[in-house]
Number of protein chains: 2
Amino acid sequence: MSRIILSLSGGMDSATLLGVALSEGNDVSAVGFTYGSKHNPYENKASQALAGFYHVPYELLDLSGVMAAFKSDLLRTGGEIPEGHYEEESMSRTVVPGRNLIFISVLAGVAWSKEATEVWVGIHSGDHAIYPDCRPAFYYSMDTALRRGTDERVVLKAPFLHENKTSIIKMGHAIGVPYQLTRTCYKDQPIACGKCGSCQERLEAFKANGVEDPVEYESRVILPRT
Amino acid sequence: MSRIILSLSGGMDSATLLGVALSEGNDVSAVGFTYGSKHNPYENKASQALAGFYHVPYELLDLSGVMAAFKSDLLRTGGEIPEGHYEEESMSRTVVPGRNLIFISVLAGVAWSKEATEVWVGIHSGDHAIYPDCRPAFYYSMDTALRRGTDERVVLKAPFLHENKTSIIKMGHAIGVPYQLTRTCYKDQPIACGKCGSCQERLEAFKANGVEDPVEYESRVILPRT
């Protein structure tokens, strides 16, 4: 049993991560972030609902002032959310500079303050293409930085580092993760668009599992890869 | 010539760092942080004055909400600032969990967004005793995490990593750093107390240089080391 600070975005990956952490009998506190993204209000509502479902403490931390001048189409200050697949060049415009680097650092401070020993994040192989701060090479160096920066009080865990969304959903179904409560779409609208890279990746992963995605979509058409 | 995002706390180390960065002909933007420390209003005033003196862009980022629940006597939410020398057990109560880890991560995001390629921080050997996230082992792993987390866009530089306050002041005097504008004291009062670990270390370093510290103090007595 470990005391864990878990990064809960409200998406399907972190929802599954929370389910896994609890199924292993850990003591988990969830933290979400407001940082100025277009889908922030919807994903924060989802993370709050997930924390409620699992009866874990939940805290929402506000980085929107700090990240207000950051350049990314994911943010309200940026351009339109592109449609298509994650790996495409256009999707790299949705990368938020240093987002995970910053989130993980803050979570390490929270963990130290709360005497938790582990920070858990839901990064996975589907993120590797466009997000440098989700890749294994980053993970290993960041874990080292956390250990050294906290005098070995806090370590970084990324149980899905070598998983993909398809295998994550498979794990989640086995332990009853409530995917109907999650939010994945990047767009600033209550109903998932189905067309952004984030929606497309999720639709593909549910299809690969032979399961209907329980959230509502404007469109469920999986676009051809160019 | 590099484009640099420099962490400017308003203390004598980061003031010297700014002087050094500019003396080398770099393009420097300074960033300060509000994070709920007792001396924050005074050090932010100092960092603003220093940026004005050197005519560099200055931005103040607010992490006080994010760090509100962090445990440290340096923060308004914590206990009294202890008096004595830095290396003493009591001073470790002023450590803010993950402070540099968080500051550096945010600065990396700022750097990426502004197309700067280096983050500069004024950590030095005097910090090593109580601050794990100022030690060389942390620095090297954090530099690696930044490089990997930003796809090699941003590196971390700590030119004073193996210096101490005495050698920093020596460098600063050679290039005319305006130490009268700096703020080092940890206490919540406009005039430096002279008794906290931060003041004591500074008084010792000026004395070792045979120079009068130009800022005002309540007391300039250097306490014996126990």
Item to check | Residues (part of a helix (DSSP H, G or I), in contact with a Phe, Trp or Tyr (Cβ under 8 Å, 6 or more places away or on another chain) and closer than 15 Å to B:Arg183 by Cα) located in the stretch B:8-39 | outcome: B:Met12, B:Asp13, B:Ala15, B:Thr16, B:Leu17, B:Leu18
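Give me the residue from the stretch B:130-185 that is within 17 Å of A:Arg135 (Cβ to Cβ) and small (Gly, Ala, Ser) and, out of that set, surrounded by the most Cβ atoms within 10 Å (Cβ to Cβ). Break it down stepwise before answering.
Start the filter on the stretch B:130-185 by keeping residues that are within 17 Å of A:Arg135 (Cβ to Cβ), which leaves B:141-154.
Subset that is small (Gly, Ala, Ser): B:141, B:145, B:149.
Details: B:Ser141: 21, B:Ala145: 30, B:Gly149: 33.
The extreme case among them is B:Gly149.
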Next on the checklist: So, in the stretch A:33-67, exactly how many residues are buried (at least 23 other Cβ atoms within 10 Å of the Cβ), more than 24 Å from A:Gly79 (Cα to Cα) and not aliphatic (A, V, I, L, M)?
Outcome noted: 1
Next on the checklist: Taking the criterion of being assigned to a helix (DSSP H, G or I), more than 8 Å from every other protein chain (Cβ to nearest Cβ) and without any contact (Cβ under 8 Å) to a residue 60 or more places away in the chain, would at least one residue in the stretch B:104-123 satisfy it?
Outcome noted: no
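Which count do you get for residues in the stretch A:50-77 that are assigned to a helix (DSSP H, G or I) and more than 15 Å from the chain's Cα centre (by Cα)? Steps first, please.
First pass over the stretch A:50-77, keeping only residues assigned to a helix (DSSP H, G or I): A:50-54.
Those left that are additionally more than 15 Å from the chain's Cα centre (by Cα): A:52-54.
Result for the stretch A:50-77: 3.
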Checklist outcome for this item: B:Leu61 vs (1) at the interface with chain A (Cβ under 10 Å from one of its Cβ atoms); (2) at pLDDT below 95: all pass except (2)
Checklist entry - Just for the stretch A:154-166: of the residues that are touching a Ser or Thr at 6+ places or on another chain (Cβ under 9 Å) and over 23 Å from A:Gly32 (Cβ atoms), which one is farthest from the other protein chains (Cβ to nearest Cβ)? => result A:Asn164
Item to check | Boolean, A:Ser125 is in contact with a strand residue (DSSP E or B) (Cβ under 9 Å, 6 or more places away or on another chain) and among the hydroxyl-bearing types (Ser, Thr, Tyr) | outcome: no
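If you scan the stretch B:201-212, which residues turn out to be modelled with pLDDT of 95 or more and assigned to a helix (DSSP H, G or I)? Write out each step before concluding.
In the first step, residues of the stretch B:201-212 are kept if they are modelled with pLDDT of 95 or more; the result is B:202-212.
Once the filter is applied, which keeps residues that are modelled with pLDDT of 95 or more and assigned to a helix (DSSP H, G or I), the stretch B:201-212 yields B:Arg202, B:Leu203, B:Glu204, B:Ala205, B:Phe206, B:Lys207, B:Ala208.
Here is a yes/no grid of residues against (1) aliphatic (A, V, I, L, M); (2) over 18 Å from the mean Cα position of the chain (by Cα); (3) modelled with pLDDT under 95; (4) outside any loop (DSSP other than H, G, I, E, B):
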| residue | (1), (2), (3), (4) |
| --- | --- |
| A:Ala137 | yes, yes, no, yes |
| A:Ser141 | no, yes, no, yes |
| A:Glu152 | no, yes, no, no |
| A:Leu161 | yes, no, no, no |
Next on the checklist: Return the pair list, or none, for Cβ contacts closer than 8 Å from residues in the stretch B:14-43 that are of a type in the set (Val, Ile, Thr) to residues that are surrounded by 23 or more Cβ atoms within 10 Å (Cβ to Cβ) and in a loop (DSSP other than H, G, I, E, B), at least 6 apart or on different chains.
Outcome noted: B:Thr16/B:Gly122; B:Thr16/B:Phe160; B:Thr16/B:Val177; B:Val31/B:Leu8; B:Thr34/B:Leu63
Checklist entry - Pairs under 6 Å by beta carbon, first residue touching a residue at least 60 places away in the same chain (Cβ under 8 Å) in the stretch A:187-203, partner buried (at least 22 other Cβ atoms within 10 Å of the Cβ) and of a type in the set (Gly, Ala, Ser), six or more apart or different chains? => result A:Glu201/A:Gly126
Next on the checklist: Looking only at residues that are of a type in the set (S, T, N, Q) and surrounded by fewer than 23 Cβ atoms within 10 Å (Cβ to Cβ) in the stretch A:85-99, which one is nearest to A:Val155 (Cα to Cα)?
Outcome noted: A:Ser92
Checklist entry - Across the stretch B:88-103, what is the total count of residues that are assigned to a loop (DSSP other than H, G, I, E, B) and either closer than 20 Å to A:Ile102 by Cβ or without any contact (Cβ under 8 Å) to a residue 60 or more places away in the chain (or both)? => result 4
Item to check | Condition broken by A:Tyr86, with the remaining ones in (1) within 14 Å of chain B (Cβ to nearest Cβ); (2) farther than 19 Å from A:Met1 by Cα; (3) out of contact with any strand residue (DSSP E or B) (no Cβ under 6 Å at 6 or more places or on another chain) satisfied | outcome: (1)
Next on the checklist: Checking the condition touching a residue at least 40 places away in the same chain (Cβ under 8 Å) and either in a loop (DSSP other than H, G, I, E, B) or on the phi > 0 side of the Ramachandran plot (or both), which residue from B:Val215, B:Val177 passes?
Outcome noted: B:Val177
Checklist outcome for this item: Contact list, first residue from the stretch A:57-77 and basic (Lys, Arg), second anywhere and surrounded by 16 or more Cβ atoms within 10 Å (Cβ to Cβ) and outside any strand (DSSP E or B), beta-carbon distance below 6 Å, six or more apart or interchain, is A:Lys71/B:Ser113; A:Arg76/A:Gly36; A:Arg76/A:Lys38
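The values are calculated or read from the model by the stated rules, or taken from the named source; none is laboratory data. The structure displayed is predicted, hence computed values, not measured ones. Note that each Cβ is placed from the backbone with ideal geometry, even for glycine, and that neighbours are counted across all protein chains shown.
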